[in-house]
Amino acid sequence: MTAAHGNAPQLATDLLALHQAPEILTVVNCWDVVSAKVAAGTEGTRALATASHSIAATLGYPDGEQIPVEEMLDMCGRIAAAVDVPVSADLEGGYGDAPETIRKAIGLGIVGANIEDQLKPLAEAAAQVEAIMAVAEREGVPDFVLNARTDAFVMAGDRDPVEVLADAIARGKAYLDAGAPVVFVPGRVGEAEAAALIDAFGARRLSLICTPVSLTPARMAELGVARVSFGPFAQRVALTAYQQLIEGAQRGEGLPGDVRPLN
């Protein structure tokens, strides 16, 4: 057994409270220590979440569990050690053994996680949620914030949208019943779908992602969404600014006037 890292139990309790609070929890995902420090040092930041796609890209791997789990966990642990706020880790589908991956993450100071269901049979996916929460309790972090992800929307393909929504609702309710405190439904979730999900799960139990075509975080907050994250888009914004700097430099331009020091 790996003991919970430092003050992980209290950080988990704090993170859970942030999801249950009346105001939406906004997390702009980080991917390495310096991005985590910038985020944590920005006024208003109350918690951090990593982006698995961004960490994989940083270390030279494609998305989709192509990165060795040890390398993913090492970066997540470095991020958690570098900041004082709770850190939730995007751990994809769990790298073949989700409960064991969560156990190792807790030992590194991680107090919440995204785990994809990858549209496994519902009974299997719900049992995985239950096993993860049991591991967290054994590791001394009963308030571990599992952001149980269903891929119903992102893997919808040409399925009937009504069927997709019904599947997301059934899966989310099963994960909540299995002990997850919040359900993550990424993909093209419009206002009607978000309202239906919240009606089924209850207020402050739904987590969404902000994309160029999604509802705004402000509207999500009005609907009763618990948490909004930005996934790999935060890294893309940073790299777009970097590319624009390079293009400007090649035109003979200097630095923009609002460059901030690193924390």
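The values are calculated or read from the model by the stated rules, or taken from the named source; none is laboratory data. These figures come from a predicted structure and were not determined experimentally. Heads up, the Cβs are rebuilt from the backbone with ideal geometry, glycines too, and the neighbour counts pull from every protein chain shown.
Considering each of Ala57, Ala12 in turn, give the residue that is under 19 Å from Leu239 (Cβ atoms), modelled with pLDDT of 95 or more and either of a type outside the set (S, T, N, Q) or assigned to a helix (DSSP H, G or I) (or both).
Of Ala57, Ala12, the one residue that is under 19 Å from Leu239 (Cβ atoms), modelled with pLDDT of 95 or more and either of a type outside the set (S, T, N, Q) or assigned to a helix (DSSP H, G or I) (or both) is Ala57.
Looking at region 52-61, which of its residues are over 16 Å from Ala82 (Cβ atoms) and hydrophobic (A, V, I, L, M, F, W, C)?
Hits for region 52-61 are Ala56, Ala57, Leu59.
Test Ile115 against the stated conditions and say whether it is farther than 15 Å from Cys30 by Cα and β-branched (Val, Ile, Thr).
In short, yes.
Restricting attention to region 92-105, does a residue exist that is hydrophobic (A, V, I, L, M, F, W, C) and within 17 Å of Leu15 (Cβ to Cβ)?
Yes; the residues of region 92-105 include at least one that is hydrophobic (A, V, I, L, M, F, W, C) and within 17 Å of Leu15 (Cβ to Cβ).
Of the residues Ile132, Ile110, only one is β-branched (Val, Ile, Thr) and either in a loop (DSSP other than H, G, I, E, B) or surrounded by fewer than 17 Cβ atoms within 10 Å (Cβ to Cβ) (or both); which?
Selected residue: Ile110, the only one of Ile132, Ile110 that is β-branched (Val, Ile, Thr) and either in a loop (DSSP other than H, G, I, E, B) or surrounded by fewer than 17 Cβ atoms within 10 Å (Cβ to Cβ) (or both).
Conditions tested, residue by residue: (1) part of a helix (DSSP H, G or I); (2) surrounded by fewer than 19 Cβ atoms within 10 Å (Cβ to Cβ); (3) small (Gly, Ala, Ser).
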residue	(1), (2), (3)
Met72	yes, no, no
Asp84	no, yes, no
Lys104	yes, no, no
Glu124	yes, yes, no
Asn147	no, no, no
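Considering every residue within region 29-49, establish whether at least one is part of a loop (DSSP other than H, G, I, E, B) and β-branched (Val, Ile, Thr).
The answer is yes, given that some residue of region 29-49 is part of a loop (DSSP other than H, G, I, E, B) and β-branched (Val, Ile, Thr).
Quick check: anything in region 151-170 of a type in the set (A, V, I, L, M), under 24 Å from Ile79 (Cβ atoms), crowded, with 22+ Cβ neighbours inside 10 Å and modelled with pLDDT of 95 or more?
Checked region 151-170: no residue is of a type in the set (A, V, I, L, M), under 24 Å from Ile79 (Cβ atoms), crowded, with 22+ Cβ neighbours inside 10 Å and modelled with pLDDT of 95 or more.
Are any of the residues in region 59-82 closer than 18 Å to Leu16 by Cα and under 17 Å from the mean Cα position of the chain (by Cα)?
Yes - at least one qualifying residue is present in region 59-82.
Restricting the search to region 183-236, which residues are aliphatic (A, V, I, L, M), surrounded by fewer than 21 Cβ atoms within 10 Å (Cβ to Cβ) and assigned to a helix (DSSP H, G or I)?
If the condition is that a residue be aliphatic (A, V, I, L, M), surrounded by fewer than 21 Cβ atoms within 10 Å (Cβ to Cβ) and assigned to a helix (DSSP H, G or I), then Ala192, Ala194, Ala195, Ala196, Ile198, Ala200, Ala218, Ala221, Leu223 are the ones that fit.
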